[in-house]
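Asker: Take a look at this one; I'll ask things after.
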Amino acid sequence: LWERKTGRADAFEGNDYTKAGHLMEPVIVQWFTEQTGLKSHEVGHLVSPTCSWRRVTPDRLVGDDGLMDAKNSRFEISPDEIREGRNMKWYFQIIWGLGIWNELHPDKPRTKGYIVWLGAGYQFQYLQFEYDQEVYEMMCETVDHFWNEHVLADIAPPPITRDDIL
């Protein structure tokens, strides 16, 4: 990410997995609507009014107070894996999107996050989360630190993964 943000690497253009996700998104959203009766619509790119590097493109707005990310996974994904496991990043994506929306629209806050997914190509599931302002603020601290101390300062962050080290 640091290499992309500092121009040292090309932006991620996607792959077959991201293409499949984009193609399947309308189907997954339709399934959600059929299961819940909740209507949704596209929202586009959101940018925080206070920090231009805080950005998000949620998949949909849901009803008057929700935000959705739709996922297509080749693996079976249990709700617990989102709450506390390997796919917890999906939860953080929802909190991030809700936080930026709420910064932009304090008069129309959204408090419900929906993660909607198709696992193993056919298993439709969804989870609803309540917005957590404290988690959003912690995420902002981390993102702001990364942006200011690494991207703007042009200093690579310390390695975390094996790929970082390599």
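Asker: Per-residue counts of other Cβ atoms within 10 Å, averaged by peptide: what ranking do you get for 29-38, 3-12, highest first? Intermediate results must be reported in sequence, preceding the final value.
Answerer: Numbers: 29-38: 14.6, 3-12: 10.7.
Peptide ranking by packing, descending: 29-38, 3-12.
Asker: Looking at the range 62-148, send over the antiparallel percent of its DSSP beta bridges, to the nearest 5.
Answerer: Working: 9 of 17 bridges.
Bridges in the range 62-148 are about 55 percent antiparallel.
Asker: Let me ask something additional. For the range 130-135, take each phi angle, set θ = phi - 60°, evaluate the Karplus expression 6.51 cos²θ - 1.76 cosθ + 1.60, and give the result in whole Hz per residue in order, putting x for glycine and proline.
Answerer: Rounded to whole hertz, the list is 8, 4, 10, 4, 5, 5.
Asker: Which percent, nearest 5, of DSSP beta bridges in the range 1-137 are antiparallel? Mind showing how you got there, number by number?
Answerer: Working: 15 of 23 bridges.
So the antiparallel bridges in the range 1-137 amount to around 65 percent.
Asker: Please give the per residue volume of the convex hull enclosing the alpha carbon atoms of the range 26-166, rounded to a whole number of Å³.
Answerer: On the way: hull volume 18.1 nm³, N = 141.
About 128 Å³ per residue, rounded to a whole number.
Asker: Given the Cα-Cα distance of residue 166 and residue 55 and 0.36 nm per residue of separation, how much length would full extension add, in nm? Spell out each step's value before the answer.
Answerer: Numbers: separation 111, 0.36 × 111 = 39.96 nm, distance 2.89 nm.
So the extension gain works out to 37.1 nm.
Asker: I've got another one for you. Excluding ligands, DNA and RNA, what is the solvent-accessible area per residue of the range 46-128 at a probe of 1.4 Å, expressed in Å²? Each step should come with its number before you reach the end.
Answerer: Numbers: 3850 Å² over 83 residues.
Computed with neighbouring chains in place, this is 46 Å² per residue.
Asker: Let me ask something else about it. Among 77, 95, 6, pick out the residue whose Cα is farthest towards the positive end of the charge dipole of the range 1-111, where Lys and Arg carry +1 and Asp and Glu carry -1 on C-beta, about the Cα centre.
Answerer: Going by the charge dipole, the pick is 6.
Asker: Taking only pairs that are 8 or more places apart or on different chains, how many Lys pairs in the chain have Cα atoms under 19 angstrom apart? Can you show the working numbers first?
Answerer: Details: 19/71; 39/71; 39/108; 39/112; 71/89; 71/112; 89/112.
For the chain, qualifying lysine pairs total 7.
Asker: Carbon and sulfur atoms: what percent of the 1.4 Å accessible area of the range 74-166 do they account for?
Answerer: On the way: 3080 of 5640 Å².
With neighbouring chains kept in place, the figure for the range 74-166 is 55 percent.
Asker: Then there is this: Leaving ligands, DNA and RNA out of it, work out the accessible area of residue 139 with a 1.4 Å probe and give it in Å² to the nearest 10.
Answerer: Using a 1.4 Å probe on the heavy atoms, I get roughly 40 Å².
Asker: Okay, next question. Filter the chymotrypsin sites (Phe, Trp or Tyr not before Pro) in the range 40-142 down to the DSSP loop ones having no more than 16 other Cβ atoms within 10 Å, then list what survives. Write out the running numbers ahead of the final one.
Answerer: Working: sites: 53, 75, 90, 91, 92, 96, 101, 114, 117, 122, 124, 126, 129, 131, 136; in loops: 53, 75, 122, 131.
Passing sites in the range 40-142 are 53, 75, 122.
Asker: Positive end of the charge dipole of the range 38-166 (Lys, Arg +1 and Asp, Glu -1 on Cβ, about the Cα centre): tell me which of 142, 128, 153 has its Cα farthest that way.
Answerer: Towards the positive end, the residue furthest out is 128.
Asker: Gap in Å between the Cα centre of the range 33-61 and the Cα centre of the range 108-153?
Answerer: The range 108-153 and the range 33-61 have Cα centres spaced 11 Å from each other.
Asker: Using +1 at the C-beta of Lys and Arg and -1 at the C-beta of Asp and Glu, which of 28, 41, 53 has the Cα lying farthest in the positive direction of the dipole of the range 1-59?
Answerer: Value: 53.
The values are calculated or read from the model by the stated rules, or taken from the named source; none is laboratory data. Note that the coordinates shown come from a computational prediction; the quantities given were computed from them, not determined experimentally. Please note: Cβ atoms are built from the backbone with ideal geometry, for glycine as well, and neighbour counts cover all protein chains shown. Keep in mind that these areas ignore ligands, DNA and RNA; they rest on the heavy atoms of the full protein, side chains included. Shrake-Rupley method; radii C 1.70, N 1.55, O 1.52, S 1.80 Å.
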